[in-house]
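J.: Pasting in a structure now, in structure tokens, and then I'll have a few things to ask.
Nothing in this text is a laboratory measurement; each read-out follows from the coordinates by a stated rule. As the structure is a prediction and not an experimental result, all values here were calculated from the model. A quick note on method: Cβ atoms are made from the backbone with ideal geometry, for glycine too, and the neighbour counts reach across all protein chains shown.
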Amino acid sequence: MAKYRKNVGLIVFFCLLFFPASILRGENKKARELGELELSKYLIKCGESWYISGFVRGAIELRNKGTTYLKEKELTEADILNGLQFKGVLSFYYNGPEREYLRYKPEWSKWTQGTRIIDIIVLCENGEWSSKISGDYFRGGIYKKIT
């Protein structure tokens, strides 16, 4: 019996190590695809860097790619009555070297260590999927400096 438990423990360990977390969580693949498609409108790869475009003041260069995770929100009774079938947020999280190109002063800033978060809202309402970047993006607030 102890050998059986050890084998089961190893199988669970390797599943957690090698399988994407989304498979184990039963993550909504459609929501992730739609969120990542929306994110790709703002996050662009060029050479060794990733660039955040559309920023009010200019552009931001990130030296490494961040990670994304999808968080499904619980539907309220009102959401369901309004035809909402899925509500979630795909978050892009980055922590590493970054610099900004400022439009009003056309040059790159010095590199700094920073943290960025971009949230993409993903909805399914009456069978129709939609995604949009959090409204704070256009006011400059989507770039929450944590450090």
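J.: My understanding is that a pair violates if its Cα-Cα distance is over 26 Å; which of K71/K110; K110/K132; K45/K73; K45/K87; K29/K73 do that in this structure? Walk me through the intermediate numbers first.
T.: Details: K71/K110 34 Å; K110/K132 31 Å; K45/K73 30 Å; K45/K87 28 Å; K29/K73 15 Å.
Where the Cα-Cα span goes over 26 Å, the pairs concerned are K71/K110; K110/K132; K45/K73; K45/K87.
J.: Please arrange E33, E61, E48 by how many other C-beta atoms lie within 10 Å of their C-beta, fewest to most.
T.: Values: E33 14, E61 19, E48 8.
By the 10 Å Cβ count, ascending: E48, E33, E61.
J.: Please work out how much length the chain gains when fully extended from L84 to N126, using 0.36 nm per residue of separation minus the C-alpha to C-alpha distance, in nm with one decimal.
T.: So the extension gain works out to 14.5 nm.
J.: For the range 22-139, what does the equivalent ellipsoid look like in terms of its semi-axes, each the square root of 5 times an eigenvalue of the Cα gyration tensor, given largest first in whole Å? Display every interim value, and only then the final one.
T.: Numbers: eigenvalues 198, 47, 24 Å².
Over the Cα atoms of the range 22-139, the semi-axes work out to 31, 15, 11 Å.
J.: Determine the gain in length on full extension of the stretch L37-R57; use 0.36 nm per residue of separation and subtract their C-alpha separation, reporting nm with one decimal.
T.: Numbers: separation 20, 0.36 × 20 = 7.20 nm, distance 2.36 nm.
Here the segment from L37 to R57 would lengthen by 4.8 nm.
J.: Related question: Farthest toward the dipole's positive end in the range 22-139, which of Q85, L123, L75, given Cβ charges of +1 (Lys, Arg) and -1 (Asp, Glu) about the Cα centre?
T.: Looking along the dipole axis, the top candidate is L123.
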